1. Exactly one of (1) of a type in the set (A, V, I, L, M, F, W, C); (2) modelled with pLDDT under 90; (3) surrounded by fewer than 13 Cβ atoms within 10 Å (Cβ to Cβ); (4) closer than 30 Å to P15 by Cβ is unmet by A126. Its number?
2. So, in segment 150-206, how many residues would count as being touching a residue at least 40 places away in the same chain (Cβ under 8 Å) and part of a strand (DSSP E or B)?
3. Checking the conditions here, which among E36, E25 is assigned by TED's automatic domain parsing to the domain that holds L127, within 22 Å of A126 (Cα to Cα) and out of contact with any Gly (no Cβ under 7 Å at 6 or more places or on another chain)?
4. Condition check: touching a Leu at 6+ places or on another chain (Cβ under 8 Å), surrounded by 13 or more Cβ atoms within 10 Å (Cβ to Cβ), part of a strand (DSSP E or B) and modelled with pLDDT of 90 or more. Does L217 satisfy that?
5. What is the number of the single condition among (1) of a type in the set (D, E, K, R); (2) more than 15 Å from V301 (Cβ to Cβ); (3) modelled with pLDDT of 90 or more that D190 does not meet?
6. Would you check if there is a residue in segment 82-93 being surrounded by fewer than 20 Cβ atoms within 10 Å (Cβ to Cβ) and of a type in the set (V, I, T)?
7. Would you be able to say whether some residue in segment 246-256 is without any contact (Cβ under 8 Å) to a residue 60 or more places away in the chain and under 24 Å from D155 (Cα atoms)?
8. State yes or no: is P241 surrounded by 14 or more Cβ atoms within 10 Å (Cβ to Cβ) and farther than 19 Å from F315 by Cα?
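The values are calculated or read from the model by the stated rules, or taken from the named source; none is laboratory data. Just so you know, these numbers come straight off a predicted model, no measurement behind them. With ideal geometry, Cβ positions are generated from the backbone for all residues, glycine too; neighbour counts draw on all protein chains shown.
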Amino acid sequence: MILAVIDDARTDLKPLKDALSRIEEISWVENMTLLESFDKLAILSPAKPLIQPDIVLISFENNTEAYEVTLAVKSDGKYTDTVVITFNNSDNEDIIKAMLETGCLDYIKDFSDKTEIYARLRTAVALRQEVISRRTREKEIEENNRKLEDISNIDGLTGVLSKRYFVYKVEEEISRAIRTKAAISLLRIDITDFRDYNAQYGFLEGDKVLRRISSALKKSAKRPGDLLARIGGNSFALFLPSTDLKGAEFIAKTVVKHINNLAIEHETDDGKFLTVHVGGMSVTPQITDDAAGLLDMISDVTAECSVGFGAGQSFFCIKN
């Protein structure tokens, strides 16, 4: 730990040094005047401090100056968790109370008492250790929560968005489109006869296929606002903001092209390769529209369109 001593009272620091000789946790002591402290510690300044002390001991003969410096240190966000101890030989209870109300941990009146100084510093060290430990735990909890949130937001197999998070994000985009009166498009991509594929080639191969297709879909819509999710065992959804019917048809055609280019083997009576069918719609959303409703609508569109296409080929069908 680092101890900073701000001393404008020309205090005899020998009792402090004697006390510090018995406190292994404090490895570095930096003595400074008031003027030097504002430079080294960057008190109330956006500048980066030259040192970041764990404990600050402030020694001033003038009560007002002692109070103001203590208040300045504790008011600086950089030192919110820094332990501050003030030394002043005043008997004025109002002064002592004011010091403590700034956030100062302790007040030492007799700086010649090595036992008292040692006891106060030991308390300061223990408190600082507890603060460090608490901050570490908070960071760990925050990191774990972030990881859990990432896990819940991302499909573990393919790395695209989960359905739950996709619906949440699409709701945001629908609200934005309603405000701007912009068209949006939504595509549903289903892998044809994927259950049969798993039965024929095994689930491990099926998982590989899902990852390959998700990669192809990512290449099909690469704008920052485009959203890709896995919404079912063999189904993906692609949300396209600010995209009209013509734009949706272009993306759907691109999707089919990229999937066909994969040439994933799937021997059936209808063909040799795995195919997909893409259904979608382009709308200018109204206040009554929501993500779940749009997903239901494109499911219906996909089912209706599949009637008009022969087996063994990928296809797309987009409606307004």
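1. That leaves (2) as the condition not met.
2. Count: 9.
3. On the way: E36 fails: within 22 Å of A126 (Cα to Cα).
Only one candidate passes the filter, namely E25.
4. On the way: touching a Leu at 6+ places or on another chain (Cβ under 8 Å): yes; surrounded by 13 or more Cβ atoms within 10 Å (Cβ to Cβ): yes; part of a strand (DSSP E or B): no; modelled with pLDDT of 90 or more: yes.
Taking the combined requirement at face value, the residue does not satisfy it.
5. For D190, the failing item is (2).
6. If we filter segment 82-93 for residues that are surrounded by fewer than 20 Cβ atoms within 10 Å (Cβ to Cβ), which is where we start, we get 89-93.
Still in the list and also of a type in the set (V, I, T): none.
Within segment 82-93 (the criterion being surrounded by fewer than 20 Cβ atoms within 10 Å (Cβ to Cβ) and of a type in the set (V, I, T)), the answer is no, since none of the residues qualifies.
7. From segment 246-256, those without any contact (Cβ under 8 Å) to a residue 60 or more places away in the chain are 246, 250, 254; that's our starting set.
Cutting the leftovers down to under 24 Å from D155 (Cα atoms) gives us 254.
Taking every residue of segment 246-256 in turn, at least one turns out to be without any contact (Cβ under 8 Å) to a residue 60 or more places away in the chain and under 24 Å from D155 (Cα atoms).
8. Values: surrounded by 14 or more Cβ atoms within 10 Å (Cβ to Cβ): yes; farther than 19 Å from F315 by Cα: yes.
Considered against the rule, which asks whether it is surrounded by 14 or more Cβ atoms within 10 Å (Cβ to Cβ) and farther than 19 Å from F315 by Cα, P241 comes out as yes.
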